[in-house]
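Notes follow once the structure below has been shown.
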Amino acid sequence: MTSEFTPSHNAREKGQEIIEFAFVALFFIPLLLGSVITGLGLIRSMQAQQLCRDLDSIYIHGGDFSTYGMQQLAQRLARGLNLQIGAAFSDNQNSNTGNSGDALITLSQITYVGPTTGAQCTTVGAANCANHDSFVYTQRVQFGNGTLASLNTAALASPAPAAVSSAGNIQDPLTDAGAKVPGSSQTQLQNAWQVSGSGRTPLVDGQVLYVVEVYLQSPGISLGPASLGPIYVRYYF
């Protein structure tokens, strides 16, 4: 009796299945890696937004972030975002930026100065009120990784007052031209806050904005062609 072995249908297709899987993997593996990076980026963005909002809420309620204790609080709130504040210091520091890490925090108190006939300008005399009808800085505090400042991490630019205290308070916000929010940042604030309509009214002389800006540089995490980029968040209270 003679018998013959005929390969089964499944045995003949084993090599074909491997090839098919390889082609499918070429599509799905990058998609999976991209989904992981997107998810990590979304989580990081949500953390940054929550941090920014929490800091602004504390700031408007009187928190003095020029003190080490308050910067420690910010560091705890920024857990996982690699905000570094260096060694402890006493009293006040309006600029604690000689640190490494991935984060830079900028807090600004900004006041709207009305016309020369307004209450604020009247206190210094209309002729001396150089910053009338403008937004001016009354305080600026910054801490974290100062090397990130070169990346335009503070979208509202930076003040250049002649005199500022260790707590970041501008000494002469009405008469010091350096206290005026400069250039396009001034235009940005005017367009955002000095408008009417949709239930909004322009700010009046003496009203204050509390602004917190959080910038996170890219942590250098990448999977294939996808990578986590920098994040910038700003809140006004």
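Just so you know, all these numbers are worked out from the coordinates, no wet-lab data involved. These figures come from a predicted structure and were not determined experimentally. So basically every Cβ, Gly included, is an ideal-geometry build from the backbone, and we count neighbours across all protein chains shown.
Counting Lys and Arg as +1 and Asp and Glu as -1, what is the net charge of the other residues whose Cβ lies under 13 Å from the Cβ of Leu55? Working shown, then result.
Numbers: positive: Arg53, Arg76, Arg234; negative: Asp54, Asp56, Asp64, Glu213.
Result for the local shell: -1.
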TODO: Calculate the spin-label point distance for Ser158 paired with Thr175, positioning each point 7 Å from the Cα along the beta-carbon direction, and give it in nanometres.
DONE: 2.6 nm
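Round to the nearest 0.05 the FRET efficiency obtained for Ala167 and Gln207 when R0 = 25 Å and r is the Cβ-Cβ distance.
Details: r = 21 Å, r/R0 = 0.86.
E between Ala167 and Gln207, to the nearest 0.05, is 0.70.
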- [ ] Name the residue farthest towards the positive end of the dipole of the range 54-209 from the options Ala130, Gly101, Ala162, assuming +1 on Cβ of Lys and Arg, -1 on Cβ of Asp and Glu, about the Cα centre.
- [x] Gly101
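Using every Cα-Cα pair within the range 101-237, state what percent have a distance larger than 24 Å. Please report the intermediate quantities before stating the final value.
Numbers: 3434 of 9316 pairs.
Looking at the range 101-237, the distances longer than 24 Å represent 37 percent of pairs.
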